[in-house]
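K.L.:
Once you've had a glance at the structure underneath, I'll fire off some questions.
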Amino acid sequence: MISRSACSSTPTTIEAIAWAEVLVRRRFLHAAVLAPNGQWLVQHAPDSPVHVLAGPADVVELAAAIQHCIRSTRPRTR
């Protein structure tokens, strides 16, 4: 079996685009736009302020934080 670490490489723009699309489609974000300079403009709700993320790693980190929040607030069923 091949072992893979959680942060084996720096996230790419393609990965950030994929995560941004999922977060917007699932309505965890209102908007996520890649600016020409590589920064990301993110808005949580239509009337909320726009936040600037430095690059792909920040988008992936935001997705991980949202996942963590969702999983920590979801009731456990087994």
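The values are calculated or read from the model by the stated rules, or taken from the named source; none is laboratory data. Treat the numbers as computed from the prediction; the structure is a model and nothing was measured. Heads up, the Cβs are rebuilt from the backbone with ideal geometry, glycines too, and the neighbour counts pull from every protein chain shown. These accessible areas exclude ligands, DNA and RNA; they are computed on the full protein's heavy atoms, side chains included. Shrake-Rupley method; radii C 1.70, N 1.55, O 1.52, S 1.80 Å.
K.L.:
Checking M1 against (1) open to solvent by 70 Å² or more (accessible area, probe 1.4 Å); (2) modelled with pLDDT of 95 or more: exactly one of these is not met. Which one?
P.N.:
The single condition M1 does not satisfy is (2).
K.L.:
Out of the stretch 41-71, which residues are charged (D, E, K, R) and touching a helix residue (DSSP H, G or I) at 6+ places or on another chain (Cβ under 9 Å)?
P.N.:
Matches in the stretch 41-71: D58 only.
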